[in-house]
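Notes follow once the structure below has been shown.
The values are calculated or read from the model by the stated rules, or taken from the named source; none is laboratory data. No experiment lies behind these values; they were computed from the predicted model shown. Virtual Cβ from ideal backbone geometry, glycine too; neighbours counted across all protein chains shown. Ligands, DNA and RNA are excluded from the accessible area calculation, which covers all protein heavy atoms including side chains. Shrake-Rupley method; radii C 1.70, N 1.55, O 1.52, S 1.80 Å.
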Amino acid sequence: KHSIWAMGVIIFHMKTMRETLREKNLLTNFLLNNNDDRSQNVAHDPKLSLHPLRNYLDVAYVGNISIGTPPQQFKVVFDTGSADLWVPSTYCDSRPCYTHNVFNPHVSTTFRLSGMPVDLTYGSGRMVGFLGYDTVRIGKLVDVVQPFALSKAQYGLEHAPFDGILGLGYRSLAIQGTIPVFDNLKRRGVISQAVFAFYLSTQKESGSIMMLGGVDHRYHKGKLQWIPVSQPHYWQITMNRITMNGVVFGCSGGCQAILDTGTSLVLGPSRLVTAIQMLISASPVGHEYAVSCSYVPRLPTIIFSINGNDYPVPPQAYIRKGQCLSNFGGGTENMSHSETWILGDVFLRLYFSVYDRGNNRVGLAPAV
């Protein structure tokens, strides 16, 4: 069960971080080369800022932020599936903290201690620590007195290609009594529109972008289709059905879907996902499922129908290149009694996504 413990309140939360992170030499090169900060403001809209993300092996999309005065640099996953900001700290003596950047509150003149204990659990690991406040910078955007968690212990995040996580979910998903980064930026007028968006590249390390405060329409084809948020907590929407070769095999009476930039795969209830693996002739390999690589071109396209529109996901997207592993995972039955799917990066690489807090809606259009 993957859950976030927020001051005694359990908020169920799914995350996956794949075994590819074992490829440590790749990881080291990735971290060495990932120090650029090319955030830029689009000329025609001073309040829209673009932030480059580095695509790490199609597993995680990582961007740079800084915390404190003078600024201390961190790589974070901008995660629509959670709402807290946390980074490792100098108080942490777990192994993951030795392989990542750590925040030193003593050398920041703007740091304030809250001291409230924090315990956050993700599918890829867990952090235990305490709450503080400081200045957070994302490119040219400056967010003052921002609550964030500093780790004292971390589990299972040793080879993660990021230091911490910056959540972009709704305030109800955050640690009780704290205000998430995006809410703070909007409240202080740092961005004019309560909107952010993601363009996620496929296989290319560079090119992925997060937009804050607006939308750069050059990154999608056709017009955005708007879908109302069904429950403002996660970026959760209602899905009509999932079909393959014209046959409905998931979400038959409608279901819920969560758009999650912090999850690599498409996740669903285990029994339905096992049925998908059988339908595409995938067989178990350890914890995962694989198909015969020569079979991939003959596999069916899977169609997610949302709000009256079809969003096809072809086999080239739901089967990983190389070992031809399936990009479907189970486990969502642990987070909800009703049928829920998590549309992670596998889906979001195909469809440019816009998150409109002002109107509680999500926009989707084919990515360029």
Scan (1) surrounded by 20 or more Cβ atoms within 10 Å (Cβ to Cβ); (2) under 24 Å from the mean Cα position of the chain (by Cα) for the single condition SER305 breaks and write down its number. (1)
Subset of region 335-356, residues under 25 Å from THR121 (Cα atoms) and either in contact with a helix residue (DSSP H, G or I) (Cβ under 9 Å, 6 or more places away or on another chain) or crowded, with 21+ Cβ neighbours inside 10 Å (or both), comes to GLU339, THR340, TRP341, ILE342, LEU343, GLY344, ASP345, VAL346, PHE347, LEU348, TYR355
Here are some residues: SER114, SER89, SER124, SER94. Which one is among the hydroxyl-bearing types (Ser, Thr, Tyr) and open to solvent by less than 10 Å² (accessible area, probe 1.4 Å)? SER89
Taking the condition of being outside any loop (DSSP other than H, G, I, E, B), farther than 25 Å from CYS324 by Cβ and among the hydrophobic types (A, V, I, L, M, F, W, C), how many residues in region 246-282 meet it? 5
Enumeration of residues in region 162-198 that are over 18 Å from TRP86 (Cβ atoms), part of a strand (DSSP E or B) and not small (Gly, Ala, Ser): VAL195, PHE196, PHE198
What residue, among those in region 34-67 that are under 14 Å from PHE162 (Cβ atoms) and modelled with pLDDT under 50, is most open to solvent (accessible area, probe 1.4 Å)? ASN35
Hits in region 132-167 - residues which are buried (at least 18 other Cβ atoms within 10 Å of the Cβ), of a type in the set (A, V, I, L, M) and either at pLDDT below 95 or more than 19 Å from GLN73 (Cα to Cα) (or both): LEU157, ALA160
In region 283-313, how many residues are hydroxyl-bearing (Ser, Thr, Tyr), more than 20 Å from GLY253 (Cα to Cα) and not in a helix (DSSP H, G or I)? 4
Would a scan of region 240-256 turn up a residue that is among the aromatic types (Phe, Trp, Tyr), on the phi < 0 side of the Ramachandran plot, crowded, with 19+ Cβ neighbours inside 10 Å and in contact with a helix residue (DSSP H, G or I) (Cβ under 8 Å, 6 or more places away or on another chain)? no
Taking only pairs six or more apart or across chains, which ones have beta-carbon atoms under 7 Å, a first residue in region 201-229 that is of a type in the set (Gly, Ala, Ser), and a second residue that is at pLDDT below 95 and assigned to a strand (DSSP E or B)? GLY213/SER49
